[in-house]
Every structure is written in C-alpha cells, then in structure tokens.
1. Given (1) in contact with a helix residue (DSSP H, G or I) (Cβ under 8 Å, 6 or more places away or on another chain); (2) in contact (Cβ under 8 Å) with a residue 12 or more places away in the chain; (3) not small (G, A, S), where does T46 come up short, assuming only one miss?
2. For the stretch 1-23, what are the residues that are surrounded by 12 or more Cβ atoms within 10 Å (Cβ to Cβ) and farther than 22 Å from S67 by Cα?
3. Starting from residues that are small (G, A, S) and surrounded by 10 or more Cβ atoms within 10 Å (Cβ to Cβ), keep the ones in the stretch 43-81 and report whichever is nearest to K7 (Cα to Cα).
4. Would you point out which residue out of S79, S61, S67 is small (G, A, S) and at pLDDT below 95?
5. Those residues that are under 20 Å from T73 (Cα atoms) and either assigned to a loop (DSSP other than H, G, I, E, B) or within 9 Å of the chain's Cα centre (by Cα) (or both), I need them from the stretch 1-38; list them, please.
Amino acid sequence: MKIPAIKKIIEANYTLEMLDAAEEALINEEKPSIEIDGEDDGEQLTHIFAAKWIIEYMQSSGNDFKSSLRAYTQKVRNSIS
C-alpha cells in the first residue's frame, strides 16, 4: 500500500462507480479504464479498496482527506495486530 497512489486516486475525483469498474476489470485480469498506480494487480486493488473506503468515510463523516486517511491507516494497523 502506497499512500501517494491512494492520494492520487482521491485527487483525481474518480467516482465510486469508476472505482468499482476498475476493481472489476482488475479482477477479470483486464486493464482498468482509469489510471491506478501499483506494481501489480494486487497492489492496484489495494489502492482502489483504500480509496473507496476513504471516499465513503469522507462523505459519511464530513472529515477531510488527511483525517480520513489517518482513520483508514489506523483500521489497517488494528487488523494486522
């Protein structure tokens, strides 16, 4: 997971529908119609999942990107430990 790649997705203002379509393309081993950074399909999917979570969190909580990113990374850290 690379924070700059997630930030780039958020700043591109992709809709959740666009991210869903990119996720579906990657699952079907196709090239997404939008640009998603990552070394392989797995990393690209990770960036999509993170961006979707952060976008939804920003919309539901009214928090900015930094706060929402912090909440996401905390969630990831808790799931790992």
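1. Unmet for T46, out of (1) in contact with a helix residue (DSSP H, G or I) (Cβ under 8 Å, 6 or more places away or on another chain); (2) in contact (Cβ under 8 Å) with a residue 12 or more places away in the chain; (3) not small (G, A, S): (1).
2. Taking the stretch 1-23 and keeping what is surrounded by 12 or more Cβ atoms within 10 Å (Cβ to Cβ), we get 1-3, 5-10, 12, 14, 16, 18-23.
The answer is M18, D20, A21, A22, E23.
3. Going through the qualifying residues, I end up with A51.
4. Values: S61 fails: at pLDDT below 95; S67 fails: at pLDDT below 95.
Answer to the check: S79.
5. M1, K2, A5, I6, K7, I9, I10, L19, I36, D37, G38 - these are the residues of the stretch 1-38 that are under 20 Å from T73 (Cα atoms) and either assigned to a loop (DSSP other than H, G, I, E, B) or within 9 Å of the chain's Cα centre (by Cα) (or both).
The values are calculated or read from the model by the stated rules, or taken from the named source; none is laboratory data. Since we're looking at a predicted model, the values are computed, not measured. Every residue, glycine as well, gets a Cβ built from its backbone with ideal geometry; the counts of neighbours run over all protein chains shown.
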